[in-house]
Amino acid sequence: MYAVMQHYLDTLVASASDRVRIETWGRTTEYRPIRALIISDPANLAKLDQIRAGLAELADPRKTSAARAAAIAAQSPAVAVFQYSVHGDEPAGFEAAMQVAYQLAASDEPQTLEILKSVVVVLNPSANPDGHERFAAWYNSVGIGADHPWAFEQNEPWSITGRYSHFRFDMNRDLLAQSQPEVRAMMDGILRWRPQVFVDHHSTTSSFFFPPVAQAVNLNLPPQTTKWFATYGRGNAAAFDRYGWQYYVGGVFDFFYVGYWDEWTTFQGATGMTYETDGGPEYRKRRDDGSITTFRDGISHHFVASLATLETTAKNRQSRLQDYYDFRRAALAEAATDRMKRVVIVPGNDPQSVAHVVGLLLRNGIEVTRLRQPLSSRVAHSYISPGTAGGGIARTFPAGSYVVDLNQPQRRLAKGMLEPQPSMEPSFVQREIGKFQRNRRRGEDAEKEDYGFYDITAWSLPLSFNLDAYWTEDAGPGGDPVADSVVPPPPAPARGASAYVFTNDRPGAARLALALEAEDFKLAVTRQPVLIGGRTYPRGSFVARVQRNPASLHERIAALGPALGVLVFPLQTAFPDTGDAGIGSEDVAGLHAPKIVVAAGDGISETSYGWLWYYLARELNVGFTPVPLRAIGRMNDLQTFNVMIVPDGSGGRMRRELGDDGVEKLKTWVRSGGVLIGYGGAGDLAANKDVGLSSIASVAPDSGARPDTTVPGAAPPMVSKTAAPRDRPEWIPGAIFRATLDTTHWLTLGYDRNKIPVFIDGDTFWRASKSGANAVSFTDPVDSLVLSGFTWPDNTARLLKGSTWAVVENQGSGRVVLFLSDPLFRAFWRGPAKLLTNAILMGPNR
């Protein structure tokens, strides 16, 4: 357990204070400390500040000459950061970390002493204390060492799944969103130490995996990346060969997505690697050939790999330090020839989202400036417009816009996070297309070739946050350096005689609306623009009428508005300047405060539930009640809720969990005025013939069920096992598409343009609803639909054309609102989040 580990580490530090220091990097959501051991030779520990100062010099070639860098590399120890068990139910790393720490702190053998002289080891023994604690408490209470695949101890319950953080986030995919406090703390700690080597210790594979990685490598990384993978791979192989242990390289573990720990640290200039051990999380695990791997095996293999990696680092200390410097120096040189010179983000009406993205960049050490005066570009490309890779146009950006000049030491990471279309190795792409073509030729029941994608292929932050952003082909001065992303609070409103209005143009607007409703204030929303007092308030603006609220309205809205970053306008009259759409008209509809129930438990994706949980609790600060689907049929008070949200998951399994009584209870509730909001597999549930709450249908209805991703700890299948004829969508690993908003529909209130980027993965597209409203759909020409990521030729875009992403259907007195994919994906998708808050706030008002 974590407390026992902490006691052990404290004892180790006290017993070996000449070799070990300890740092506290932060705390988890459940308030457990995140601590790192700093282990090295006493002479190195005595000059840690000097070592870090030298590494800071290597990190900025603009200020550090090649000669000075060579001198630092010749004298300084390298820094290696080892991180263990970021997936808490992969505990072999957790246990191995203590053995590695003991070896380094206590051993006097020559190899260990040489490591200590050449390397400063920064050891994070538990990167997910909360998840590990859940898993360990459960497993220790039930584990008996049974290796049968269906033994109770072989499958964690839904509520346990220690892989994830407290909020059920996969913290090996949170480096873009930086949403979890553990991730932010560990990022800050790693950036402080500027490592040349980073290893993320995982499990469980059939035999041990270490790099070299698979062929899909992010092309923003230089060739020496794979050179170092081979160097460390050979070192590990030699150590394993001494014991006759099995291992493999390559396989399915690619190096494309910037949001992994290993890849993120590699983008910082380190050699970042993932190690997957065989053995654990169970005491005994049966392989596919019937042989058994044990928890003890997994610990031993991680221990040996950790020490082998440190030996390789010690042997290559100087060249690894030199390459750390050269990584950034070469990045600066690339800036002169790269077509993409700058990224410009215009705050417009949503300074909050822009400031949030700027904050994500600043945390990474990426330099950002802000314009004091307008900036003209000869060739600028809009992220949302079709043909981003083609010709740009001249454009002038207003003062206040943010500029990321890619001619900076962190160029590679900045480009990796911001570029509209990441590039893949052409030979890899051709290999995958070859598989696709062969799979299409095979029959329905024939075995298919698995694709080589391990994760998503698109993540550009300007697209995922739906920002007004551009990249330019010209360089030049970009304004004043930005030190933080804090947006000054707006002034409090003067007292309004008639009403208060705030526009739905930023995330704070929904937060303010929900905060006021939580205090029982009555709100309304404008369905048409309103012109009063010389100002036009767009459709979707929130209205708090003085007449319909208690006298405390002014005091509360004056306090909450500035605190939530929302500019509130006081109105002294309800009379419009023109027309008949005043705030007292029928076009200003009253809202009912949402009472939210969220489906949880078996059938629901833990991560999709977690993304929603975090969004409601931490970003919207709104309460909800999680209820297992199997309990719906027994709820006698379901009518006290008016909003039900069903996250992504397996529609078929949801149906089984709901049961016949639950189906009838759900149908009655919706048709009596409830609002059912669902995405992904929840759409399959709503359209189930027994449920009958939606008319949506798949573009290819016989293409097979949506993969069941709800088995605890199981990764989603990487490929549909059903053939993909010409009229059936083939599985895509995750790409970004250009969708069209129906700007006359209430679900899209608050959006100021009619195009929006949306994320899709899997092999399910929805046909346009015939009975409801297709609020977000794909109406552009086929060659304008794909914004970013890998898609299949003559398949993905062609079959997506004319389909829908967001549907609203009326059922009796209630509504069903469905999204094809999760609008809150991994917490770095926030562009579609307003559609969800609109459904929550405005859905229960039919």
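Assess whether THR526 counts as being within 30 Å of SER377 (Cβ to Cβ) and open to solvent by less than 30 Å² (accessible area, probe 1.4 Å). Here the answer is no, as THR526 does not meet what is asked.
Taking the criterion of being of a type in the set (A, V, I, L, M) and farther than 23 Å from LEU116 by Cβ, would at least one residue in the stretch 35-46 satisfy it? The answer is no; no qualifying residue exists. Residue count for the stretch 9-20, restricted to those that are open to solvent by 70 Å² or more (accessible area, probe 1.4 Å) and in contact with a helix residue (DSSP H, G or I) (Cβ under 6 Å, 6 or more places away or on another chain): 1. Considering the stretch 586-631, the residues that are among the aromatic types (Phe, Trp, Tyr) and under 22 Å from the mean Cα position of the chain (by Cα) include one that is farthest from THR526 (Cα to Cα), namely TYR609.
Here the condition is being open to solvent by less than 60 Å² (accessible area, probe 1.4 Å), among the aliphatic types (A, V, I, L, M) and more than 28 Å from TYR324 (Cβ to Cβ); of ALA106, ALA70, it holds for ALA106 alone. When the stretch 524-572 is limited to residues that are among the charged types (D, E, K, R) and in contact with a helix residue (DSSP H, G or I) (Cβ under 8 Å, 6 or more places away or on another chain), the one that is nearest to ASP742 (Cα to Cα) turns out to be ARG527.
Quick check: anything in the stretch 162-175 open to solvent by 10 Å² or more (accessible area, probe 1.4 Å) and more than 30 Å from TRP264 (Cβ to Cβ)? Checking the stretch 162-175: not a single residue is open to solvent by 10 Å² or more (accessible area, probe 1.4 Å) and more than 30 Å from TRP264 (Cβ to Cβ). Return the pairs, sorted by first residue and then second, in which the second residue is open to solvent by less than 10 Å² (accessible area, probe 1.4 Å) and hydroxyl-bearing (Ser, Thr, Tyr), the first residue lies in the stretch 332-356 and is under 12 Å from ASP405 (Cα atoms), the beta carbons are less than 7 Å apart, and the residues are 6+ apart or on different chains. Between residues of the stretch 332-356 that are under 12 Å from ASP405 (Cα atoms) and residues that are open to solvent by less than 10 Å² (accessible area, probe 1.4 Å) and hydroxyl-bearing (Ser, Thr, Tyr), the close pairs are LYS341/THR472; ARG342/THR472; VAL344/SER401; VAL344/THR472; ILE345/SER401. Can you name the residue in the stretch 344-366 that is open to solvent by 10 Å² or more (accessible area, probe 1.4 Å) and either among the basic types (Lys, Arg) or outside any helix (DSSP H, G or I) (or both) and, of all such residues, is nearest to GLN421 (Cα to Cα)? Residue satisfying both the conditions and the ranking: VAL346. Applying the criterion of at least 1 residues that are in contact with a strand residue (DSSP E or B) (Cβ under 8 Å, 6 or more places away or on another chain) and hydroxyl-bearing (Ser, Thr, Tyr) to the strands (runs of 3 or more DSSP E) found wholly in the stretch 556-637 leaves 625-628. Scan the stretch 790-800 and give yes if some residue there is within 20 Å of the chain's Cα centre (by Cα), more than 22 Å from GLY649 (Cα to Cα), modelled with pLDDT of 95 or more and open to solvent by 10 Å² or more (accessible area, probe 1.4 Å), otherwise no. Yes, because at least one residue in the stretch 790-800 is within 20 Å of the chain's Cα centre (by Cα), more than 22 Å from GLY649 (Cα to Cα), modelled with pLDDT of 95 or more and open to solvent by 10 Å² or more (accessible area, probe 1.4 Å). A single entry from ALA414, ALA380 fulfils the requirement of being closer than 30 Å to TYR451 by Cβ and either among the acidic types (Asp, Glu) or buried (at least 20 other Cβ atoms within 10 Å of the Cβ) (or both): ALA414.
Taking the criterion of being within 16 Å of PRO729 (Cα to Cα) and of a type in the set (Phe, Trp, Tyr), the residues of the stretch 424-452 that qualify are PHE436, TYR451.
Restricting attention to the stretch 277-312, the residues being open to solvent by less than 20 Å² (accessible area, probe 1.4 Å) and within 18 Å of ASP89 (Cα to Cα) number 9. Among the strands (runs of 3 or more DSSP E) confined to the stretch 763-846, the ones with at least 2 residues that are hydroxyl-bearing (Ser, Thr, Tyr) are located at 803-811. May I ask you to verify whether LYS341 is in contact with a strand residue (DSSP E or B) (Cβ under 6 Å, 6 or more places away or on another chain) and open to solvent by 10 Å² or more (accessible area, probe 1.4 Å)? When the stated conditions are applied, LYS341 passes them.
The values are calculated or read from the model by the stated rules, or taken from the named source; none is laboratory data. Quantities reported herein were computed from a predicted structural model and do not represent experimental measurements. Please note: Cβ atoms are built from the backbone with ideal geometry, for glycine as well, and neighbour counts cover all protein chains shown. These accessible areas exclude ligands, DNA and RNA; they are computed on the full protein's heavy atoms, side chains included. Shrake-Rupley method; radii C 1.70, N 1.55, O 1.52, S 1.80 Å.
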